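Peer 1: Let me begin by handing over the structure; questions about it come next.
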Amino acid sequence: MTARAHAVIACDFLVVETVLLKRLHVLVFIEHGTRRLHLAGVTARPTAAWAVQQARNLAMDLDDRLGTMRFKSEGLRIITTLPRTPWMNATCERVTGTLRRELLDRTLILGDRHLDLVLREYVTHYDGHRPHQSRQQRPPDIETQPSWDVADLRSVRRRPVVTGLINEYHRAA
């Protein structure tokens, strides 16, 4: 599986309860090879047609990169997982846990637009800054991590993101 990880995109639904006890469903996709996270959408009533449309939207967004992935001649091969078997979709389960621990357990969600806004901001942080152990502490959107001299800590600046819940640290110019 490791040799073909670059060609696997997994998806899962995440259920979020709002302050007004409305249940919202979030469809997320993650690329196994790069750990890049994609937020497909937020809805109160997911249907099969809605989920298929979200997958089509992702395929259009990934058009250039999708061509570099080695799929069978006709397209994608869908592997369904059994209900309540988290290890069959372990990568998505880890992402769901990360979303809950780092964001959703600390935020009161007001509605679908608020959830979408907060998640999109988090995905930007996740893909552009958050280190991943499977990528040697590199974020998904960065191929090589720059080496810094940590002797001068005064050159490090903190920037709060995702409504102030998370801090990103950058080297000041």
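The values are calculated or read from the model by the stated rules, or taken from the named source; none is laboratory data. The structure displayed is predicted, hence computed values, not measured ones. Please note: Cβ atoms are built from the backbone with ideal geometry, for glycine as well, and neighbour counts cover all protein chains shown. Just so you know, the surface numbers come from the protein's heavy atoms only, side chains and all, with ligands and any DNA or RNA stripped out. Shrake-Rupley method; radii C 1.70, N 1.55, O 1.52, S 1.80 Å.
Peer 1: I want to confirm something. Restricting to segment 11-34 and keeping residues that are over 22 Å from ARG106 (Cα atoms) and at pLDDT 85 or above, which single residue is most open to solvent (accessible area, probe 1.4 Å)? Let's see the steps before the verdict.
Peer 2: First pass over segment 11-34, keeping only residues over 22 Å from ARG106 (Cα atoms): 11, 29-34.
If we keep only those that are at pLDDT 85 or above as well, we get 11, 29-31.
Numbers: CYS11: 64, PHE29: 17, ILE30: 2, GLU31: 7 Å².
Of everything passing the filter in segment 11-34, CYS11 is most open to solvent (accessible area, probe 1.4 Å).
Peer 1: Would you mention how many residues in segment 31-65 are within 21 Å of TYR126 (Cα to Cα) and part of a helix (DSSP H, G or I)?
Peer 2: So the first thing to find is which residues in segment 31-65 are within 21 Å of TYR126 (Cα to Cα), and the list is 31-42, 54-55, 57-59, 61-62, 65.
Next, from what is left, pick out any that are part of a helix (DSSP H, G or I): 54-55, 57-59, 61, 65.
The qualifying residues number 7.
Peer 1: Please name all residue pairs, on different chains or six or more residues apart, with Cβ atoms under 8 Å, provided the first residue is in segment 36-60 and is open to solvent by less than 40 Å² (accessible area, probe 1.4 Å) and the second residue is among the hydroxyl-bearing types (Ser, Thr, Tyr).
Peer 2: So the pair list comes out as LEU37/TYR126.
Peer 1: Continuing with the same structure: Every residue in segment 154-172 that is at pLDDT 80 or above, in contact with a strand residue (DSSP E or B) (Cβ under 9 Å, 6 or more places away or on another chain) and open to solvent by 50 Å² or more (accessible area, probe 1.4 Å), please.
Peer 2: If the condition is that a residue be at pLDDT 80 or above, in contact with a strand residue (DSSP E or B) (Cβ under 9 Å, 6 or more places away or on another chain) and open to solvent by 50 Å² or more (accessible area, probe 1.4 Å), then ARG157, ARG158, ARG159, PRO160, ASN167 are the ones that fit.
Peer 1: Just checking, which of ARG77, ARG120, ARG45, ARG84 is at pLDDT 85 or above and out of contact with any His (no Cβ under 9 Å at 6 or more places or on another chain)? If you could, list the steps in order and put the result at the bottom.
Peer 2: On the way: ARG77 fails: at pLDDT 85 or above; ARG45 fails: out of contact with any His (no Cβ under 9 Å at 6 or more places or on another chain); ARG84 fails: at pLDDT 85 or above.
None of the others qualify; the one that does is ARG120.
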